[in-house]
Amino acid sequence: MGTLDGIIDTVSAIHPLPPLLGMLKSQGKLVMVGLPEKPLELPIFPLLAGRKIIADSVIGGIKETQEMIDFAAKHDVKPAIEVIPINYVNTALECLLKADVKYRFVIDIGKTLKPSS
């Protein structure tokens with residue numbers, strides 16, 4: 001809690017914002033890039049009390065996203081990621097702090113993703 005400078009929220013489903021805001025330091029920034037179908041509840045007190053910022057980044061609509069996925073599939077473009085289990089998060093954070101990271105970490109909370117090779 002209160003330890004992150006920023007979070008990029010890519011979730012496109014309805015989800016609570018207070019847990020994310022709670023993870024941010026004072027003057028931390030939550031950048032929303034997912035677009036839920038319905039508006040999210042935005043608690044104002046955690047923003048004001050913690051001097052936190054919520055921003056957005058327009059990344060395109062469904063058509064543009066599908067075009068990008070089609071292009072990536074056609075040209076065998078794949079993300080450089082390392083899928084990690086939730087119990088590896090502290091180790092991953094230590095790697096980040098030491099700048100000893102080769103790929104973006106993807107946390108498999110639901111144990112539904114294939115491990116990185």
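The values are calculated or read from the model by the stated rules, or taken from the named source; none is laboratory data. Quick caveat, the model's predicted, so the values are computed rather than measured. So basically every Cβ, Gly included, is an ideal-geometry build from the backbone, and we count neighbours across all protein chains shown. Surface areas here come from the heavy atoms of the whole protein model, side chains and all, with no ligands, DNA or RNA. Shrake-Rupley method; radii C 1.70, N 1.55, O 1.52, S 1.80 Å.
Quick notes on this one:
- Among the listed pairs Lys29/Lys102; Lys29/Lys98; Lys29/Lys74; Lys74/Lys114; Lys38/Lys102; Lys78/Lys102, those with a Cα-Cα distance over 26 Å are Lys29/Lys74; Lys38/Lys102.
- Under-5 Å amide H pairs with Gly6, H placed in peptide plane, nonlocal only: Lys29
- Length released on extending from Glu64 to Asn87, taking residue separation times 0.36 nm less the Cα-Cα span: 4.8 nm
- Only protein heavy atoms count here; on that basis, with a 1.4 Å probe, Leu35 has an accessible area of about 140 Å².
- All Cα pairs of the chain, percent lying beyond 16 Å: 71
- FRET efficiency, Met1 to His75 (Cβ-Cβ, R0 35 Å, nearest 0.05): 0.25
- Solvent-accessible surface ranking, highest first, for Tyr103, Tyr88 at 1.4 angstrom: Tyr103, Tyr88
- Glu41, Glu67, Glu82, ranked by accessible area, largest first (probe 1.4 Å): Glu41, Glu67, Glu82
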